[in-house]
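A quick write-up on the structure given underneath.
The values are calculated or read from the model by the stated rules, or taken from the named source; none is laboratory data. As the structure is a computational prediction, the values presented were derived from the model and not from experiment. Reconstructed Cβ throughout: ideal geometry from the backbone, glycine too, with neighbour counts over all protein chains shown. When the accessible area is computed, the model is the full protein with side chains, heavy atoms only, and any ligands, DNA or RNA have been set aside. Shrake-Rupley method; radii C 1.70, N 1.55, O 1.52, S 1.80 Å.
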Amino acid sequence: MKEIAKIELDGKKFELPITEGTENEKGIDISKLRAETGGYITLDPGFKNTGSTKSAITYLDGENGILRYRGYPIEQLAEKASFLEVSFLLIYGELPSKEELDSFKASITNHTLVHEDMKQFFEAYPAQAHPMGILASMVCSLSTFYPESLDPNRTPEAKDLTIHRLIAKLPTLAAWSFKNAMRHPFMYPKNNLEYCSNFMHMMFAMPTNDYEMDPVVVSALNKLLILHADHEQNCSTSTVRVVGSSHANLYASISAGISALWGPLHGGANQAVIEMLQKINDDGGDVDKWVAKAKDKNDPFRLMGFGHRVYKNFDPRATIIKGACDEVLEKMGVDDPLLDIAKKLEKVALEDEYFKARNLYPNVDFYSGIIYKAIGIPTEMFTVMFAIGRLPGWIAQWKEMIENGEPIGRPRQIYTGANERNYVAVENRQTIF
Ligand code: CMC
């Protein structure tokens, strides 16, 4: 028998269909609720219970700590795949054959340069500009160099060209935003290097010196990017889909996603974690004191890198990354007081009733910042790294939304402001504030 939900409003009964996903996730379909009930909407701040779309890209089971891209467990992909392979999987739906992967890589490699005129934009930013601000602006600026990309409903070939350009150029733009901050000369991409190595070269080589590529670093980076590649309808991805639903072009939509990612409650948490560890260290390293502050409802302090909207058991990305983190630190012989604080914090919080009762565990950003720091990425670049990783997921979600012909995103609200009142001339008004 077909399952339905029943509600009763103003003495009338309504039936709402149940929709089911391939992993038996169930949702009450309220798409006709307002029309059928004469104006009722649902209210769900933060969309904690609201599905905004049906999607075939990523499956996430927060209760059981499961994350799969197109059906493939994250553990297998992080262990065995390359970031570009995973990008292809997310965007086109299947793992590429050898020929498909070679051709995808060749296309990405072919577009790594950015237009020379864009260098002037970089030079106009102050040295202290946050690289996320630069990155969001630069990605949107790409649309001005490729005006044919403004129409998102073009041929599949034209759409692919825009997608490949973006994947190819993001590391260049990211590395140059760092070089700009250092007032160092920009390093051009080297197309004989693979994706992660090329990024490290653009970040750390100088015209005078090559960057010595460490396979441990490159492999950790590849893993980190894969772990960040998609995470279904999170804040930045939903932003990309909503902006794209107005048929804004891909560059503008991704630029909006980068801005959404920047916040410390989302991608900005990896930077916030290191800043928090530094603060605790500078304060004398008393972990118990800071855990107590995080528990105090009158104190705005929260443990950054703890908790997640969806994972209420463990974050599978954090489990994988913790292993990678130990490996990198051991192989690189890193001895960092912040790491000791991180380990203590993790232990204290995991044993504490407050954190246990609320299912608050270290998330992916708790460990990613530590790895980034160990491999020499400056703190302000951490969220930029997240953006490079998340790009294929954003693109896949944007493409799916466009190809499914989804309607423009436009939530409703419950109005709580003043009722109708008449305009009062300025000389007759009282001072209120
Ligand atoms: N430290 C202390 N208390 C916390 C924390 C924390 N990090 N996170 C949640 N809580 C408490 C919160 O005060 C609330 O307590 P109570 O029920 O007594 O009022 C309870 O746990 C539930 O928290 P919430 O804010 O209702 O949960 P949410 O789903 O709205 O927020 C979150 C999720 C990730 C924004 C939040 O856990 C947080 O602010 N964490 C720190 C920032 C962070 O690490 N963000 C990165 C997330 S992973 C990367 C990504 O995918 O974006």
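Key figures
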{"quantity": "Average Cα contact separation per residue, region 308-433, under 8 Å, 6 or more apart, as relative contact order %", "calculated": "29 percent"}
{"quantity": "Derived scalar couplings ³J(HN,Hα) [region 276-291; Karplus, 6.51 cos²θ - 1.76 cosθ + 1.60; whole Hz; x for Gly, Pro]", "calculated": "5, 4, 4, 4, 5, 4, 5, 7, x, x, 7, 4, 4, 4, 6, 5"}
{"quantity": "Whole-angstrom gap from region 41-86 to region 386-433, using each part's C-alpha centre", "calculated": "25 Å"}
{"quantity": "Three-way shape call for region 289-330 based on the alpha-carbon gyration tensor, with the a/c threshold at 1.5", "calculated": "oblate"}
{"quantity": "Karplus 3J(HN,Hα) series, Hz, for region 27-43 with 6.51 cos²θ - 1.76 cosθ + 1.60 (x for Gly, Pro)", "calculated": "x, 8, 7, 9, 4, 10, 4, 5, 5, 7, 9, x, x, 6, 10, 9, 10"}
{"quantity": "Helical mean residue ellipticity (222 nm; -39500 (n - 2.57) per DSSP H run of 4+; nearest 500) of the chain", "calculated": "-16000 deg cm²/dmol"}
{"quantity": "Rounded if a/c under 1.5, otherwise prolate or oblate - region 4-61, Cα gyration tensor axes", "calculated": "prolate"}
{"quantity": "Amide H contacts of R70 (H built 1.01 Å from N, under 5 Å, at least 5 apart or other chain)", "calculated": "T58, Y59"}
{"quantity": "Karplus-derived 3J(HN,Hα), 6.51/-1.76/1.60, for each residue of region 303-320, Hz, glycine and proline x", "calculated": "6, 5, x, 10, x, 7, 4, 9, 6, 10, 9, 8, 9, x, 5, 5, 4, 5"}
{"quantity": "Solvent-accessible area per residue for the chain (1.4 angstrom probe, square angstrom)", "calculated": "52 Å²"}
{"quantity": "Relative contact order of region 72-417, defined on C-alpha pairs under 8 angstrom at six or more residues apart (%)", "calculated": "24 percent"}
{"quantity": "Listed peptides 151-158, 361-368 by packing density, highest first (mean Cβ within 10 Å)", "calculated": "361-368, 151-158"}
{"quantity": "Virtual paramagnetic centre 7 Å along Cα→Cβ of E116, amide N under 18 Å, in region 138-152", "calculated": "145-146"}
{"quantity": "Whether region 65-190 is rounded, prolate or oblate, judged on the alpha carbon gyration tensor where a/c under 1.5 counts as rounded", "calculated": "prolate"}
{"quantity": "Sorted peptide list for 306-314, 420-428, 225-233, criterion being average Cβ within 10 angstrom, highest first", "calculated": "225-233, 306-314, 420-428"}
{"quantity": "Heavy-atom accessible surface of the chain: percent carbon and sulfur, 1.4 Å", "calculated": "52 percent"}
{"quantity": "Debye, to nearest 20: dipole size of the chain, +1 on Lys, Arg Cβ, -1 on Asp, Glu Cβ", "calculated": "980 debye"}
{"quantity": "Binned Cα-Cα distances of the chain, short to long, each 10 Å bin given as a whole percent", "calculated": "4, 19, 28, 24, 15, 7, 2, 0"}
